[in-house]
Structure formats: structure tokens, C-alpha cells
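Have a look at the structure below before the remarks.
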Amino acid sequence: MNSNQHNIDILAIGDTVVDVFIKLKIAEVHQDKETEQKLICMPFGDKVPFTEAVELVGVGNSANAAVSASRLGLTSALLTNVGNDIYGQKSIDALAHDKVITDYIYKNDDKKTNYHYVLWFQDERTILINHALYEYHMPKDLHAPKFIYLSSLGENSLPFHGEVSQYLSTNPDTKLIFQPGTFQIKFGVEALKDIYARTYIFFCNKEEAVRILGLDKNQDHSIKHLLAELRKLGPTLPVITDGPDGAYTYDVDMNNLSIDENTAVIHLPIYPDPMPPLERTGAGDAFASTFTVAIAHGKDIRTALVWGSINSMSVCQDIGAQRGLLTEEKLTEWIEKAPASWVVTTV
């Protein structure tokens, strides 16, 4: 069945990749004194042992979001490119297995499927990325979805964002969810001003918010300031995650998104892990997509924080961004056994 015959709840747009997780045995983590960024260090010019390598197909920010939405009961589709190769077909098959509509996954004869290497050390990862320069276009036969979930695209994708913006102008009932990837952040706010202006819900982590806003280390990096400044860029509702410190957004009624300087900021800590995280790839994708799904299901903003946090926790208990994604039944089980102390609070 062609996807224009479906009533699509969420159309995820972004690059699809193959991730190869390489679990390192010997490495050290240092912090740069100037930038305060953490650096992973290994012996140079030597043979560095690793424990295992695991290959995962059909992943990436938007692919992860499409799978998350599908498992939680929404009709999801993915607009993306792959190479006309074995990894492209494996990716399509994996996504179809999760009931993601694959009609808008385009095979490219002259390009390879994106193939990334994930250096996995302790419970964190450093990803070596190389996005193929695909051509991006909005499909002409697309039945307007309820939500577009826009995330990571290649470094040549800037003109395509204009197409997305134009599509949203033509289809004003479609709400835009924006979780910017590496190159979208590099494009800068001015280049994507129309996208920011049309964004309904915006997701990023604290470090990304600082980069997006161009703040130096002497400026205000508080969550309240970051949320307020992100709103000035256009998004109706910004949401910021802060790793082990949880997630923050405004305490608002999603049916009446009126935010001013008196609107309270709310915070939910991460769900208490049942065991130490295996690794954290896809935690942000799981949070953002599941928060979005909750809103699509008509849940309130505090429930959306709870849903996102639980699915994020679950993803960290397995390798990669999709293995741990929950169904609604399993998500409900986690909610029911949540500790009484785990609650949303006002900052």
C-alpha cells in the first residue's frame, strides 16, 4: 500500500545510517581546559584492542523516532535516503519489520548507505560520522501528516530545509518537531530561521543549546535562560535534556501554549536505572520521540516528560538506539512501578 493512502501520524525526516559499535578496552577520558569538552584518548600509532563489534542497521535520529512512534501505537513513516546496496536493503527490511512505512525511503544507485563507527567506552560513545551527499526532496504525493519530525541530515541539505518550510506553509495543520543534528546546528540559526520559526516542539541537550545560541563560557548557561533564549528563535515549546540530570521544559497546557516570563519551568530527573546503563546511544532520540508521541496521544506535558524519560532509560539498557524502545504496554508497566519519589517538580 502506498503511504499516501495512509493517515500518517508522524513523518520522520532525516538520514538513516548503519552503526557499528566498537567496544574499547583501552582508553582514557580527559577534559580540555579551554573548552571544558571531554576527550577520549587512545594510544597513537599503536594497535588498540577492542572487546566486540556490533552492527546495527536502519538507525539514525529520525529512523529511531519512526520506530519509537510505531512501537507506541502511532502510524509512522520515514523520509530518507539509502544506497542501493546490501546495507540499504537491510535498513529498509528492519524498519518495515517495526511497521514503519518505508514508501519514502529512496535507494540511490550512485551512493552508499551511511556507515558510522561508534567508539563505545564505559557507558558513553563517540561516533565517527560520514554522511553521503544525497539529494533531498519533499515527495509530491505525500498526504499531510499530523507531525513532521525533522532531525539529522547531511551537510548539503540546507536548501531542502526551505522545501520543508514551504511544505509547512502549504499544510499549516502539520506540526513541526525539530531535533537538530550535527550539520543543522552548524548551519546556524539565521540559515534555518524559517524552520525555527515554524517549530512546535524543539529538542536539544544543554550543550547543544549553548552552541545553538552562540554563548561563551562567561555567559548565562542556566536552564531557565537557555529555554527563554531558544523560545526567542521561534519554537513554541523548547525542551532541554541534561544527561543524567534529566529534562526541563515549561509547565504549560498543550491546548493553550501561552508562555511568558512568569511561566514555571519544570524538571524531571532521569528514571532510576534498574541497573547501570550499558551505553547511552539514542537516549536523546528516545526521549524526544516518546515525548512527541505522548503529546500526539493527547497526554499532558508532565506525562510526556514521564514517557520520554522511561523510554530513554530503557534504551540505555541495551546496545544501540532501538533495541530498548518500548511498546505502550511495557511503558505502562514501568510507569506503574515507578518510585513514589520520582516526580516532576518546579524549578
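The values are calculated or read from the model by the stated rules, or taken from the named source; none is laboratory data. As the structure is a prediction and not an experimental result, all values here were calculated from the model. A quick note on method: Cβ atoms are made from the backbone with ideal geometry, for glycine too, and the neighbour counts reach across all protein chains shown. Protein only, heavy atoms only, side chains kept; ligands, DNA and RNA dropped before computing areas. Shrake-Rupley method; radii C 1.70, N 1.55, O 1.52, S 1.80 Å.
Assuming a viscosity of 1.567 mPa s and a temperature of 4 °C, what translational diffusion coefficient in µm² per second does Stokes-Einstein assign to the range 40-84, Rh being the Kirkwood radius over Cα pairs? This corresponds to a translational diffusion coefficient of 92 µm²/s.
Would you mind computing Rg(Cα) / (2.2 N^0.38 Å) for the range 156-199, counting N as its residues?
1.09
Note on the chain: dipole from Cβ charges, positive end direction compared against Leu150, Gly181, Asn108; the farthest Cα belongs to Asn108. For the range 1-104, the alpha carbon convex hull comes to 163 Å³ per residue, rounded to a whole number.
Using a probe radius of 1.4 Å on heavy atoms only, what accessible surface per residue do you get for the chain? Whole Å² is fine.
47
Cut-off under 26 Å on the C-alpha distance; same-chain residues fewer than 8 positions from Lys217 excluded. Which lysines are left, in chain and number order? Lys217 reaches Lys33, Lys38, Lys186, Lys193, Lys206, Lys232.
Taking the accessible area of the chain, probe 1.4 Å, and keeping the other protein chains in place, the carbon and sulfur fraction comes to 48%.
Over the chain, DSSP H runs of length four or greater, each weighted -39,500 (n - 2.57), average out per residue to a 222 nm ellipticity of -9000 deg cm²/dmol.
GNM, the chain, Cα, under 10 Å: largest mean-square fluctuation among Phe287, Phe178, Phe121? Per the Cα network of the chain with a 10 Å cutoff, Phe121 tops the list. Each residue of the range 29-46 was assigned a 3J(HN,Hα) from its phi angle through the Karplus expression (A = 6.51, B = -1.76, C = 1.60, θ = phi - 60°), giving 10, 10, 10, 5, 5, 7, 8, 6, 7, 7, 10, 9, 10, 9, x, 8, x, 9 Hz with x at Gly and Pro. Annotation: aspartates and glutamates with alpha-carbon distance below 19 angstrom to Lys337 (same-chain offsets under eight excluded): Asp273, Glu328, Glu329. For the range 138-290, a simple Cβ point-charge model (Lys and Arg +1, Asp and Glu -1, everything else neutral) yields a dipole of about 260 debye relative to the Cα centre. The GluC sites (Glu not before Pro) of the range 165-258 that DSSP puts in a loop, and whose beta carbon has at most 13 other beta carbons within 10 Å, are Glu190.
Computed over the range 238-336, the alpha-carbon pair-distance distribution with 10 angstrom bins reads 16, 50, 27, 7, 0, each value a whole percent. When every Cα-Cα distance of the range 129-175 is counted in 10 angstrom steps from zero, the calculated P(r) takes the values 24, 52, 22, 2 percent. The list [x] 61, 25, 18; [y] 27, 26, 21; [z] 48, 26, 18 gives values of semi-axes √(5λ) of the Cα gyration tensor in Å, and only one came from this structure; which label was calculated from it? Computed from the coordinates, semi-axes √(5λ) of the Cα gyration tensor in Å corresponds to [y].
The percentage of C-alpha pairs in the range 169-244 whose separation is greater than 20 Å is 27%.
The phi-based Karplus calculation (6.51 cos²θ - 1.76 cosθ + 1.60; θ = phi - 60°) puts the 3J(HN,Hα) values of the range 129-142 at 10, 7, 8, 5, 8, 6, 8, 10, 8, 6, x, 7, 9, 7 Hz, whole numbers, x for Gly and Pro. A straight line joining the Cα centroids of the range 282-343 and the range 60-118 runs 22 Å. Each 10 Å bin from zero holds the following percent of Cα-Cα pairs in the range 182-304: 11, 44, 36, 9, 0.
Descending by average beta-carbon neighbour count within 10 Å, the peptides 12-25, 79-92, 132-145, 320-333 line up as 12-25, 79-92, 320-333, 132-145, the highest first. Largest to smallest in accessible area, the residues Leu78, Leu215 fall in the order Leu215, Leu78 (1.4 Å probe, all protein chains included).
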